[in-house]
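Before any comments, here is the structure.
The values are calculated or read from the model by the stated rules, or taken from the named source; none is laboratory data. These numbers come from a predicted model, not from an experiment. Quick reminder, even Gly has a Cβ in these numbers, built from the backbone with ideal geometry, and neighbours come from all protein chains shown. These accessible areas exclude ligands, DNA and RNA; they are computed on the full protein's heavy atoms, side chains included. Shrake-Rupley method; radii C 1.70, N 1.55, O 1.52, S 1.80 Å.
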Amino acid sequence: MTFNPRRLLACSARAPICERHSPRHGVAAATPRGKAAMQHVGAGLLLSALCTSGWAQNTPAPIETREVPSAPAAPTQATPAHLATPPTGRPAAPPTVPAAPATAQAAPGPAQAVPPAPDAIGPLSTPELIAPDGRSATPQLAGDAPKLGSELDLTREDLWARIRNGFAMPDLQSPLADDKTQWYARQPEYMQRMTERASRYLYFIVEEIERRNMPMELALLPFIESAFNPQALSTAKASGMWQFIPSTGKQYNLKQTMWKDERRSVIDSTRAALDYFERLYGMFGDWHLALASYNWGEGSVSRAIARNQRAGKPTDYQSLNMPAETRWYVPKLQAIKNIVKDPERYGLKLPVIRNEPYFVTITKDRDIDVVTAAKLAEISVDQFRALNPSFNRPVIVGALRPEILLPADKVDVFLKNLENYDRPLSSWMAYRVGATERPAAIAARFGISETDLRSANNIPARTVIRPGSTLLVPRPKHVSEDIPETIAESGDLLVAPDGPALRRGVHVVRKGESMASIARRYRVSTTQLAQWNGGRSSVAAGQRLTIYRAAAPAKAGAQAKGKTASRPTPRATSRKATAQKTKSGTRAAAKPAGAKSSSSKR
């Protein structure tokens, strides 16, 4: 058996090309299905071949790499995450392969060896060759392997069958679910667009769910959350396929910097979402309540359960009083499940999704432009961004050692073109702003249009750049250094409203107010108000919003004392003027005729 070192160097340990060759189904035999498969194909032959080639251990055999003088070294294989022990109490999907007969004898020799513990083997560490068409090209063992049954043969080719075999949640019997099923069935074009987007990501999600022994219905949840659009952004600032809001994303270690937002990362957000679901199921012990908590929040669901308990009512999902969005949430997922389970019943045909990885990962330690990376892989920028939506800037910063996802059949192309590339990989460098500057002035200094500078750095309209901000600017030809790690870790964009001198104020939100009504009150746009307040899109009574207003002209007396006079409200001004007039008239009437008033001295 021979292996291509370049392919092994590039393939991510997270993405085996065929499920039957992953440790879970082959070497490690971590599941009954995997054990049965080993017995059928002959564990002795398989382990002997892998040991001979140096791939039976947890990590691949060392591969010598060489530096490319005119380009960065080829990316190295990413370190795989270890297999996790299935969470206690999770309903396991029924095995899809009949157990081997009790009389079956184990193969002699290597098959008798005790495999390493599951937590000592990376989940997807076995290398795999890919043919130009993207299908597995790994040489088969000598001899014809016996068939394992039509069920497993089907799941080898069709990812939908593998998903159906993993369904484990109880069906939700609800008129709402029936209504949503019919709604989706009447939208074939919409279903087609969603499933085509899903084809890039489903294999990885299915692998992660199976590795954790979780219900496969969770693989369908991005249909509901984002229509499998990893760049989706809600009005509440929830982002990515799994729709994490900023605070929850930080809670689950999804970094959100000027360079990258991991809420949009296909790999990171999927793992964070499954971590979250493991926690929610541990809290409630019910998948429907866990789903409701994912949408509404675990605190809200806990309070709804407590109210029903005090009232002596049932505490299942359908018995709780909840918002309409959460009330429809699980029925929507049940509707998608119904269609995936039996699309013909609803007059739909799901596009074929092959049961193999769509992408693999490589790691880069040098800066590279998004456009350049797409060019080296010979794919469009849109295709590249569909797999790498987390990058916020036109350059991928190597100091952060980012993982880059590429189509499985384009890795060899990327590495070959990278080796022959004799130009700089990045055309951008970082610039630290020392004083408040307008974008137009910075753009003129570095020979770039203001529009391009704003686009590259996501600079909002009608703003100035504050001191300490980090901007991307064109890299001069004489500069060869990449963006340093210190800036990569701490760089940030700080902006302030552009215009006359402004003073900062605070508005306390009253009941019934909205962002739009508050913006109208202060004669600013809703977008500007949101930018002043961290991108907030909604408010609640009692919250405090930052407001910038033109500074009022100071009175002479106040300026002499070094203070700025505040503008009184019209009502206060009227009352004060009336009081002064009354007092003045009283004093004038009390003085004898002919007496001089104090005003005559002015």
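Which of rounded, prolate, oblate describes segment 244-370, given a ≥ b ≥ c as roots of the alpha-carbon gyration tensor eigenvalues and a/c under 1.5 marking rounded, otherwise prolate only if a/b is larger than b/c?
In terms of gyration-tensor shape, oblate.
Taking loop as defined by DSSP and a crowding limit of 11 other beta carbons within 10 Å, which trypsin sites (Lys or Arg not before Pro) in segment 428-488 fit?
Answer by residue number: K477.
Per residue of segment 443-456, in order, report the coupling 6.51 cos²θ - 1.76 cosθ + 1.60 (Karplus, θ = phi - 60°) as ³J(HN,Hα) in whole Hz, putting x for Gly and Pro.
4, 5, 5, 9, x, 9, 6, 4, 4, 5, 5, 5, 5, 5
Tell me the net charge near N533. Cut-off is 13 Å between Cβ atoms, N533 excluded, with +1 for each Lys or Arg and -1 for each Asp or Glu.
Surrounding charge for N533 is +4.
Given +1 on the Cβ of Lys and Arg, -1 on the Cβ of Asp and Glu, and no further charges, what dipole in debye does segment 220-344 carry about its Cα centre, rounded to the nearest 20?
My answer is approximately 380 debye.
Sequence-distant or interchain residues sharing an amide H contact under 5 Å with V395, placed H: which?
V370
For V464, which sequence-distant residues (separation of 5 or more, or a different chain) have an amide H within less than 5 Å of its own amide H, given hydrogens modelled in the peptide plane?
Close amide H contacts, sequence-distant or interchain: A496, D498.
Roughly how many Å is it from the Cα centre of segment 378-437 to that of segment 443-513, as a whole number?
Value for the Cα centre distance between the two parts: 21 Å.
Of K255/K416; K250/K341; K255/K511; K337/K410; K260/K477; K250/K511, which ones are farther than 28 Å apart at the Cα?
Where the Cα-Cα span goes over 28 Å, the pairs concerned are K255/K416; K250/K341; K255/K511; K337/K410; K250/K511.
Under a Cβ-only charge scheme (Lys and Arg +1, Asp and Glu -1), can you give me the dipole magnitude of segment 287-390 about the Cα centre, in debye to the nearest 20?
Its charge dipole is roughly 580 debye.
Sequence-distant or interchain residues sharing an amide H contact under 5 Å with M429, placed H: which?
For M429, whose amide H was placed from the backbone, the distant partners under 5 Å are V473, R475.
Can you give the FRET efficiency for E325 and D498, using 1/(1 + (r/R0)^6), R0 = 45 Å, r = Cβ-Cβ distance, to the nearest 0.05?
0.75
Using only protein heavy atoms and a 1.4 Å probe, report how much of K375 is accessible, in Å² to the nearest 10.
Roughly 120 Å² of K375 is accessible to a 1.4 Å probe.
Once label points are set 7 Å from the Cα along Cα→Cβ at both Q543 and R307, what is their separation, rounded to one decimal in nm?
With each label point 7 Å from Cα toward Cβ, the separation is 2.1 nm.
Would you mind getting the accessible area per residue of segment 381-448, heavy atoms of the protein chains only, 1.4 Å probe, in Å²?
Ligands and nucleic acids excluded, the figure is 43 Å² per residue.
Take the alpha-carbon centre of segment 180-225, take the same for segment 295-358, and report the distance between them in whole Å.
Using only Cα atoms, the two centres lie 13 Å from each other.
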